[in-house]
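Visitor: My structure is below; once you've seen it, I'll send some questions.
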Amino acid sequence: MRKITRSAAVLAAAAATVSVLGATQAHAEGVHGCPTGAVCVYPGTGWNNDQPSLAFYSYGAHNLSGQFGSHMVVNNQYGGASATLWSGYNATGSALDVLPEGAAYIENLTPVNSISLNRP
């Protein structure tokens, strides 16, 4: 009986996954090389042939190193998730800017030491 219940649960989870994937089909391809669900940093103010130099996927703080001057920053998360640029490491100090879902901004990263991906 346990195997049947577990199999039914697996099938239900698979069906839910297919349903979610269908609903997010518009997100599947990403934006200018920035995968769906990620926050990406490009090495300059353009799209760099759709090749970001950094891509962050998990919620929480991500420290930056060696990022100076103007860069394109894209929040390709979905479901209302935002990204915050911080003056300190580990999402501390001052919040310098907040990028809502779908935003693509040119940002001066010289004063930025971390980016946090924020749950909606």
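Visitor: At 0.36 nm per residue, and after removing the present C-alpha to C-alpha distance, how many nm does the segment from residue 98 to residue 119 gain when stretched out fully?
Guide: 6.3 nm
Visitor: Taking amide H atoms as placed 1.01 Å from N in the peptide plane, list the residues 5 or more away in sequence, or in a different chain, whose amide H sits under 5 Å from that of residue 54.
Guide: When sequence neighbours closer than 5 places are left aside, the close amide H contacts are 41.
Here, each number is a calculation from the coordinates, and none is a lab measurement. Predicted, not measured: the structure shown is a model, and the values here were computed from it.
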